[in-house]
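Inspection log for the structure reproduced underneath, given as structure tokens.
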Amino acid sequence: MALQVTPSPGVLGVQWGRELPPHCHLTGLSETLSTFGVSHGSFSHMCPDTWIGFQSKCYYFSENRNDWNTSLENCKALEASLTSIDSLEELHFLLHYGRPLHYWVGLHREGSDPWRWCNGSLFNNLFDIQGNGQCAYLNPAGVSSDWCSQLKYSVCSHPLKSPRGA
């Protein structure tokens, strides 16, 4: 299969199964990919079809809206989790890759307790979360919170995997 690179403002989209335009060269592709945290040798670490690789994770942007708990279960069914956000670069990627919609992420809280990721770790206040809800989501302006029962799209993620199982 051939690799197609479709640049958008601040975003790199990669699709399998389409031919590269004649003017695309691997040298330019490597330079562009490195801008987004993908190293030259990263092609040995692939994401499943319809998933997008960035830095050390594969991401799936859902096409259906669900409440937060259903979104969490849907990610688990894909052997992933609602995504955590470990750096400002990752947040920037997520905000600019997805369509201008609302996407649940794996950050939630009980009552006035501190925010926690799905794996139980405490949120380190890397970014501001707007609103008074119990579950966090991405929107075009940043990260907000809402009632977990609201219907939104979601972002699942899992670590990049080597086809060799390494």
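The values are calculated or read from the model by the stated rules, or taken from the named source; none is laboratory data. Since the model is a prediction, treat every value here as computed from it, not as a measurement. Note that each Cβ is placed from the backbone with ideal geometry, even for glycine, and that neighbours are counted across all protein chains shown.
At a glance:
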{"read-out": "Of all residues making up segment 94-111, the number that are within 18 Å of residue 63 (Cα to Cα) and either not hydroxyl-bearing (Ser, Thr, Tyr) or not in a strand (DSSP E or B) (or both)", "value": "12"}
{"read-out": "One residue from 136, 141, 80 being touching a residue at least 40 places away in the same chain (Cβ under 8 Å) and within 23 Å of residue 53 (Cα to Cα)", "value": "80"}
{"read-out": "Candidates 44, 34, filtered to the one that is out of contact with any helix residue (DSSP H, G or I) (no Cβ under 8 Å at 6 or more places or on another chain), farther than 19 Å from residue 152 by Cα and at pLDDT below 95", "value": "44"}
{"read-out": "Subset tally (residues that are part of a loop (DSSP other than H, G, I, E, B) and either touching an Asp or Glu at 6+ places or on another chain (Cβ under 9 Å) or of a type in the set (Gly, Ala, Ser) (or both)) for segment 148-166", "value": "7"}
{"read-out": "Residue within segment 90-98 that is surrounded by 11 or more Cβ atoms within 10 Å (Cβ to Cβ), in the same structural domain as residue 130 (by TED's automatic domain parsing), hydroxyl-bearing (Ser, Thr, Tyr) and modelled with pLDDT of 95 or more present", "value": "no"}
{"read-out": "Residue satisfying all of: in segment 51-69; without any contact (Cβ under 8 Å) to a residue 60 or more places away in the chain and within 12 Å of residue 156 (Cα to Cα); surrounded by the fewest Cβ atoms within 10 Å (Cβ to Cβ) among these", "value": "51"}
{"read-out": "Conditions (1) modelled with pLDDT of 90 or more; (2) part of a helix (DSSP H, G or I); (3) surrounded by 15 or more Cβ atoms within 10 Å (Cβ to Cβ): number failed by residue 73", "value": "(3)"}
{"read-out": "Residues being in a strand (DSSP E or B) and farther than 20 Å from residue 66 by Cα - total across segment 117-135", "value": "2"}
